[in-house]
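Read the structure below first, then the notes.
The values are calculated or read from the model by the stated rules, or taken from the named source; none is laboratory data. On a predicted model such as this, the values are computed, not experimentally measured, just so you know. With ideal geometry, Cβ positions are generated from the backbone for all residues, glycine too; neighbour counts draw on all protein chains shown. With ligands, DNA and RNA removed, areas are computed over all heavy atoms of the protein, side chains included. Shrake-Rupley method; radii C 1.70, N 1.55, O 1.52, S 1.80 Å.
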Amino acid sequence: MSHRSIDPSRLLGRIHELGEIGRDADGKLTRLAGSETERLGRDRLVSWLEDAGLEVAVDRIGNIFGIWNAGGVGEKPVMIGSHIDTVINAGIYDGCFGVLSGLEVIQTLKSQGFEPTRPIVVTAFTNEEGVRYAPDMMGSLVYSGGLDAATALEAVGTDGTVLGDELARIGYAGSHAPGFMTPHAYVELHIEQGPVLEREGVPVGAVQDLQGISWQKVTIDGDANHAGTTPISMRRDAGYAAARVITFLRDRAAASNTPTVATVGCIAFEPNAVNVIPSRATFTVDLRDPDEDRLRQEETALAAFLEQLAADEKVGISVERLARFEPVKFDPAIVRLIEAAASDRGLGCKRMTSGAGHDAQMIARIAPSAMIFVPSRGGISHNPKEFTADTDLVAGANILLDVVCGLATGELPK
């Protein structure tokens, strides 16, 4: 059976070209949301959208849209995309692959005379990573109505800047109201950022759900004192108490037969001196599970442990909620469409859960949504070693092409 196919050299060339924008003198790639390096990346993306003959729109939170109004004017569009902001010292595929594949799909369909019955839109959402401004997935959260745009624009970054001011400074404080287009469907193509597909030798993942995420900041207050003269029994050691929390979380997750994961990713001691017992420990807790009831159980277990720990170690403990997203079930019809597209091309496909957060989980609030995964070598992401083979990138983009064709010419399959 003959298939349409994207232009591999054009897609791969753009991935690598965008991947060079934002590198410092040491070769490290960083494009934080609203930064000067992100402006350069945005400018390059917009130039490609314009060269493809797409209408470019930017909303108030800085989300970028490339709109192909070839057919069905007034109809809800098929939306595809991801993000182009990065973490610090990033790889070149996370997010960018989905945006550039979306553009490639539209260009391929345009060049081959495809006649959609509804518009097709490629989108680059603002601040998906959340490194400079919180929360992460901000642009898609605002777009789907989960966060007021004015509140988001007032977000203060880790460097003291204000997001709204930075978007204006770099020229991406748009005029469109977030949510000005309600998608007919949304599909996000992404590298897996995990080891499952590579380990099982499967080239395509049809993502059926996404883990719930609970982020908390825990602060433990004890007493600073001399490390040599204070007996262990007389200490109110915030550092030791923090260590107990870390081991509790790891031991609990390891002993469970569920997919629950727990991570302490940030930690700081005060006064942070080699010969002083820490008076304060501040750290983050990241809990994830695809089942909402289990996620709540983990949050409850942590809260109970902290209460007992405070009594046992005679320390003060406070907890601040940083982010909380319920698990997401993606649209079964689109998941089946992804599986059918993979089968039609003779490619193996695995239904799977995403362990990472993505813009698709936010857009799923307002439109049928799903994701396509391709393998990540070694499961590595958020790292310069992030890598997906060209053959897998092209295969994923062609699956996206087929899925978009199906969504843009009819109703969602039953």
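Structure notes:
- Considering 141, 100, 153, 163, the condition of being of a type in the set (A, V, I, L, M), under 20 Å from the mean Cα position of the chain (by Cα) and open to solvent by 20 Å² or more (accessible area, probe 1.4 Å) is satisfied by 153 alone.
- Residue that is farthest from residue 374 (Cα to Cα), among those in the range 318-340 that are among the acidic types (Asp, Glu) and outside any loop (DSSP other than H, G, I, E, B): 320
- Summed over the range 233-259, the residues that are open to solvent by less than 60 Å² (accessible area, probe 1.4 Å) and either of a type in the set (Asp, Glu) or not assigned by TED's automatic domain parsing to the domain that holds residue 305 (or both) give a count of 1.
- In the range 338-363, the residues that are open to solvent by 20 Å² or more (accessible area, probe 1.4 Å) and within 17 Å of residue 323 (Cβ to Cβ): 355, 356
- Filter result for the condition that a residue is aliphatic (A, V, I, L, M), more than 26 Å from residue 4 (Cβ to Cβ) and within 19 Å of the chain's Cα centre (by Cα), over 131, 122: 131
- Residue that is farthest from residue 140 (Cα to Cα) [pool: residues in the range 178-203 that are of a type in the set (A, V, I, L, M) and buried (at least 24 other Cβ atoms within 10 Å of the Cβ)]: 197
- Identity of the residue in the range 192-223, of a type outside the set (D, E, K, R) and touching a Pro at 6+ places or on another chain (Cβ under 6 Å), that ends up modelled with the highest pLDDT: 197
- Among (1) in contact (Cβ under 8 Å) with a residue 12 or more places away in the chain; (2) part of a helix (DSSP H, G or I) - the single one residue 343 does not satisfy: (1)
- With respect to (1) open to solvent by less than 50 Å² (accessible area, probe 1.4 Å); (2) of a type outside the set (Ser, Thr, Tyr); (3) more than 26 Å from the chain's Cα centre (by Cα), the lone exception for residue 216 is condition (3).
- Residues of the range 387-414 satisfying the condition of being within 17 Å of residue 19 (Cα to Cα), part of a loop (DSSP other than H, G, I, E, B) and either open to solvent by 10 Å² or more (accessible area, probe 1.4 Å) or touching a His at 6+ places or on another chain (Cβ under 9 Å) (or both): 387, 389
- When the residues of the range 264-274 are filtered to those that are in contact with a strand residue (DSSP E or B) (Cβ under 7 Å, 6 or more places away or on another chain) and open to solvent by 70 Å² or more (accessible area, probe 1.4 Å), the one that is nearest to residue 196 (Cα to Cα) is 266.
- Residue ID - farthest from residue 109 (Cα to Cα), chosen from residues in the range 364-386 that are of a type in the set (Val, Ile, Thr) and open to solvent by 10 Å² or more (accessible area, probe 1.4 Å): 380
- Condition broken by residue 362, with the remaining ones in (1) under 16 Å from the mean Cα position of the chain (by Cα); (2) assigned to a loop (DSSP other than H, G, I, E, B) satisfied: (2)
- Enumeration of residues in the range 19-44 that are closer than 23 Å to residue 396 by Cβ and either in contact with a Gly (Cβ under 6 Å, 6 or more places away or on another chain) or open to solvent by 20 Å² or more (accessible area, probe 1.4 Å) (or both): 20, 21, 29, 31, 44
- If only residues of the range 103-119 that are open to solvent by 20 Å² or more (accessible area, probe 1.4 Å) and among the charged types (D, E, K, R) are counted, the one that is nearest to residue 170 (Cα to Cα) is 110.
- Matching residues in the range 69-90 - criterion: being surrounded by fewer than 24 Cβ atoms within 10 Å (Cβ to Cβ) and more than 13 Å from the chain's Cα centre (by Cα): 69, 70, 71, 72, 73, 74, 75, 76, 88, 89
- Residue 129 vs. criteria open to solvent by 10 Å² or more (accessible area, probe 1.4 Å), among the acidic types (Asp, Glu) and within 19 Å of residue 356 (Cβ to Cβ): yes
- Any hit, the range 45-67, residues being out of contact with any helix residue (DSSP H, G or I) (no Cβ under 6 Å at 6 or more places or on another chain), open to solvent by 20 Å² or more (accessible area, probe 1.4 Å) and within 25 Å of residue 154 (Cβ to Cβ): yes
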